[in-house]
Amino acid sequence: MRQQDNIIAVLDAGSSKIRVLIAEVHEGALRYRGHGVCDAAGMRKGLISDLAPAAVAIDRAAVMAENSAQAVIERFVVAVGGPHIRGVNSRGGISLGIRLREISKDDVRAAVDRARSIALPADREILHLLPQQFILDEQPGIHDPVGMVGNRLEVNLHIATSSASAQQSIVTCVNKAGLEVTETVFEALAAAEATLTADERELGVCLLDIGASTSELVVFFEGSVAHTSVVPIGGDHFTNDLAVGLHVTAAEAEWLKCNYGHSIVTRVGELSEVEVTGLPGYEPRVVRQRLIAEILEPRARELFQMLRDNLRQGGVLEAMGAGCVLTGGGARLPGLLETAENLLHVHARMASPVPLSRMPAQLAAPEFSVLTGTLLYAHRTSQNRAAENHGLRAKLRAILAGSI
């Protein structure tokens, strides 16, 4: 059996979990078919550290998704993240000649190609080319110049880049699992597809996807991507702090964080207590719940201080009219929204992905934002390519008809 043309499969290979989602395109809309989730292996700090176990984990999640969907998958659109992602802004343009003439799609491509022609280190690879605005004869603020008339076309472009070796590692892992990677998308950009509104993108918003090892971010302003980056703190850092501070296993620390954690000490009752098992050889004991918050609060403040510094360096700290949106599994920690508002001085909300038709309720959770967003991104880009190909075929038919 082969993968059906109307089937789309996406992969989110995180440091903690491997997630696969399968949907079908039915009458132009996406409809849930199945999914698979399993523990990650061979991953460290958002990067693949051991190919063999990572490939086995991807294969396991893919098989689970196939069984759930009763469908065969052969290829993935893959979400990528990690500390190697970098974003840079560039500007370039082309002259259209002395006389005014109409802007074509080829002119737009040529201007973008000129703007993307920046010197990149040998180990860097372009992940996304994201036009911010076009400038036609010094008139800025144009989103689609096709059909307009002018002499010179320029573009402000945001270029998201990744480590070539890190990109190749995920492709190799998927190949080892017997599957093919057709496209890659930055995790924060994917999460934005599933969580942000058009008004937020226009007013200016920072989306922070808090994963296990890292937190990926994207800033939109006036409807376009203004900044992309990664903060090297994720949910596992909170868990590790608890494991060390309370002398418990990582598994128990994770459980304590999820059930009794809070990022603001003063929001926890002074008399609340919880029993912890501790490391092997230690006697079970009772600890104050405030002690858990005392361990978690400094890490939460560090996360948003690093985010604030990152946004300031990117020149977008004052561009968040719609505030900050948190998503990802790490965003579930109580108190994070208040911590974000205190340090960034903007409104903050937590976001879950928009549900697909027939999708199980448990997938409408922050930890599935990247996965669902990758599916929405893949569907949108495939529709755009289909429309463009249809237009090219129509032009070709017209040319051939005129030559008869």
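Farthest towards the positive end of the charge dipole of region 230-350, among the residues 234, 306, 320, is the Cα of 320, using unit charges on the Cβ of Lys, Arg, Asp and Glu. Database remark: amide H of residue 350 closer than 5 angstrom to the amide H of 326 (H placed geometrically; neighbours at sequence offset of 5 or more, or on other chains; Pro and chain starts carry no H).
Centroid-to-centroid, using Cα positions, region 315-353 and region 156-203 are 21 Å apart. Normalised by the residues of the chain, what does the relative contact order come to in percent, with Cα pairs under 8 Å and at least six apart? Relative contact order comes out at 16 percent. The distance linking region 67-119 with region 1-42 is 24 Å (Cα centroid to Cα centroid, whole angstrom).
Comparing 164, 251, 52 in a Gaussian network model of the chain where C-alpha atoms under 10 Å apart are linked, the largest mean-square fluctuation is found at 251. Pairs of Lys residues in the chain are counted when their Cα atoms are under 24 angstrom apart and they lie 8 or more places apart or on different chains; the count is 6. Computed from the C-beta positions of residue 128 and residue 364, the FRET efficiency with R₀ = 35 Å rounds to 0.85. With viscosity 1.002 mPa s and temperature 20 °C, the Kirkwood radius over alpha carbon pairs of region 170-320 converts through Stokes-Einstein to a diffusion coefficient of 120 µm²/s.
Among 373, 36, 14, the largest mean-square fluctuation in a Gaussian network model of the chain, built with springs joining Cα atoms closer than 10 Å, belongs to 36. Computed from Cα positions, the angle between helix 289-313 and the longest principal axis of the chain comes to roughly 20 degrees.
In a Gaussian network model over the chain where Cα atoms closer than 10 Å are linked, find which of 244, 225, 316 has the largest mean-square fluctuation. Largest GNM mean-square fluctuation: 244.
By the Stokes-Einstein formula, at 1.002 mPa s and 20 °C, the chain with its Kirkwood radius over alpha-carbon pairs has D equal to 93 µm²/s. Cβ-Cβ distance of residue 267 and residue 388, R₀ of 60 Å, FRET efficiency by 1/(1 + (r/R0)^6): the value works out to about 0.70. Placing +1 on the Cβ of every Lys and Arg and -1 on the Cβ of every Asp and Glu, with no other charges, gives the chain a dipole of roughly 880 debye about its Cα centre. Calculated mean residue ellipticity at 222 nm for the chain: -12500 deg cm²/dmol, from DSSP H runs with n ≥ 4 weighted as -39500 (n - 2.57), summed, divided by the residue count and rounded to 500.
Only the coordinates and a few stated rules stand behind these numbers; no lab work does. Every value quoted in this text rests on a predicted model; they were computed, and no experiment measured them. Cβ atoms come from the backbone with ideal geometry, glycine included; neighbour counts cover every protein chain shown.
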